[in-house]
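All remarks here apply to the structure that follows.
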Amino acid sequence: MRRAPAAESRTKRSFDVAVSGVALILFSPLFALLALLIRLRLGSPVFFRQMRPGLLGKPFSMVKFRTMTDARDAEGRLLPDGERLTPFGRFLRSTSLDELPELWNVLRGDMSLVGPRPLLTAYLERYSPEQARRHEVRPGITGLAQVNGRNALTWEEKFRLDVVYVDTWTFALDLRILAKTVVAVLRREGIAAPGQSTVEEFRGNGEERR
C-alpha cells in the first residue's frame with residue numbers, strides 16, 4: 001500500500017472538513033428546496049441510503065438525494081431503473097445535485113471530496129487484486145475517473161484510473177480534479193453509460209460490461 005506523506009494527508013483531511021462544513025451551511029437553503037421538491041415529486045423518503053465500502057473496504061452508510069420512484073409491477077417487484085427514473089430524477093443526476101448529501105459523509109470522515117467512487121459492496125469479491133487497491137484511500141464524491149469520462153468509460157478504464165489515483169495522489173492533484181469536476185458538471189458529461197439509463201452492473205472480470 002502506498003502511503004502519502006503525513007503532512008499532505010493531514011492537509012487533505014483538513015481541506016475536506018473545511019470545504020464540506022462550509023458547503024453544508026451555504027447550501028442549506030438549496031438542500032431544503034430540493035428536499036421539498038423530491039418529497040412532492042418522488043415521495044418519501046427524500047434521501048437514498050445504501051451501505052458502500054469505504055477505506056480498506058470498511059462499510060459505511062452513503063447518503064444521496066433520491067432520484068427514482070418506487071414503482072412496482074403487478075407482482076410487487078421494482079421496475080427497471082429506466083422506468084423508475086423520472087425527468088426530475090434525471091435532472092438531479094445530470095446536474096449532480098443528488099450527490100450533495102455526500103458532503104455529510106465527507107464531514108464524518110467516511111469519504112473525501114476526491115477519491116475513487118464508492119461502489120456496491122457486492123463488487124468487493126469481484127475485483128481483481130489490482131482493482132481492489134482502489135480501497136487503499138477514502139472514496140470520493142469525485143475522482144480521476146469522473147473527470148476523464150465518468151460513466152462513458154468501461155469498468156476496466158474506471159478501475160485503472162482509480163489505481164492511478166492511489167499511486168500518484170498529491171493534494172495538488174486533488175485540486176486539479178476538483179477544478180475539472182466543475183467543468184464536467186456544467187457540461188453534464190458522461191452521466192450514464194451509452195445505451196443505459198444509469199450504469200450497468202459490474203459482474204466481474206472477463207465479462208462484457210460497463
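The values are calculated or read from the model by the stated rules, or taken from the named source; none is laboratory data. The structure displayed is predicted, hence computed values, not measured ones. So basically every Cβ, Gly included, is an ideal-geometry build from the backbone, and we count neighbours across all protein chains shown. Accessible surface is based on the protein model in full, side chains and every heavy atom, while ligands, DNA and RNA are left aside. Shrake-Rupley method; radii C 1.70, N 1.55, O 1.52, S 1.80 Å.
Please state, to two decimals, what the Cα-based radius of gyration of region 70-182 comes to when divided by 2.2 N^0.38 Å (N = residues).
1.20
Which whole-Hz couplings ³J(HN,Hα) result when phi for each residue of region 153-167 is put into the Karplus expression 6.51 cos²θ - 1.76 cosθ + 1.60, θ = phi - 60°, listed in order with x for Gly and Pro?
7, 6, 4, 4, 5, 4, 5, 4, 5, 4, 6, 4, 4, 4, 7
Please turn the phi angles of region 19-30 into ³J(HN,Hα) values with the Karplus equation 6.51 cos²θ - 1.76 cosθ + 1.60 (θ = phi - 60°), one per residue in order, whole Hz, x for glycine and proline.
Rounded to whole hertz, the list is 5, 5, x, 5, 5, 4, 6, 5, 8, 4, x, 5.
Using each residue's phi in region 113-127, evaluate 6.51 cos²θ - 1.76 cosθ + 1.60 at θ = phi - 60° and report the 3J(HN,Hα) Karplus result to the nearest Hz, with x for Gly and Pro.
4, 10, x, x, 5, x, 9, 6, 5, 5, 6, 3, 7, 9, 6
If you roll a 1.4 angstrom probe over the protein chains with everything in place, what fraction of the accessible area of region 63-104 belongs to carbon and sulfur, to the nearest %?
After summing per-atom areas, the C and S share lands at 56 percent.
Averaged per residue, what accessible surface does region 14-144 expose to a 1.4 Å probe, in Å²?
Using a 1.4 Å probe on heavy atoms only, each residue of region 14-144 averages 50 Å².
Given an 8 Å cut-off on Cα distances and at least 6 residues of separation, report the relative contact order of the chain as a percent.
21 percent
Which shape class applies to region 1-108: rounded if a/c is under 1.5, otherwise prolate when a/b exceeds b/c and oblate if not, where a ≥ b ≥ c are the square roots of the Cα gyration tensor eigenvalues?
Oblate is the answer for region 1-108, as a/c is 1.5 or above yet b/c matches or exceeds a/b.
Take peptides 176-187, 138-149 and line them up by average Cβ neighbours within 10 Å, highest first, as a rough protection proxy.
Averaged packing, sorted descending, gives the order 138-149, 176-187.
Assuming a ≥ b ≥ c are the square roots of the Cα gyration tensor eigenvalues, decide whether region 73-127 counts as rounded (a/c under 1.5), prolate (otherwise, with a/b larger than b/c) or oblate. Before the final figure, lay out the partial values.
On the way: a/c = 2.56, a/b = 1.40, b/c = 1.83.
The shape class here is oblate.
Once the Cβ-Cβ distance between Val19 and Glu156 is put in as r, and R0 is 25 Å, what FRET efficiency do you end up with, to the nearest 0.05? Mind dumping the intermediate values first?
Numbers: r = 31 Å, r/R0 = 1.25.
Plugging the Cβ-Cβ distance into 1/(1 + (r/R0)^6) gives 0.20.
Taking just the alpha carbons, could you work out the radius of gyration and Dmax for region 97-147, both in angstroms?
Calculated on Cα positions, Rg and Dmax stand at 11.4, 33 Å.
Show me 46-55, 102-111 ranked by packing, highest mean number of other Cβ atoms within 10 Å first.
In decreasing order of mean packing, 46-55, 102-111 become 102-111, 46-55.
Rounded to the nearest 500, what is the 222 nm mean residue ellipticity of the chain from helices alone, with -39500 (n - 2.57) per DSSP H run of 4+ residues and division by all residues? Write out the running numbers ahead of the final one.
On the way: 7 runs with 85 residues, N = 210.
Calculated at 222 nm, the ellipticity per residue is -12500 deg cm²/dmol.
Highest first, please rank the peptides 79-87, 150-158 by the mean number of other Cβ atoms sitting within 10 Å of their residues.
Highest mean packing first, the order is 150-158, 79-87.
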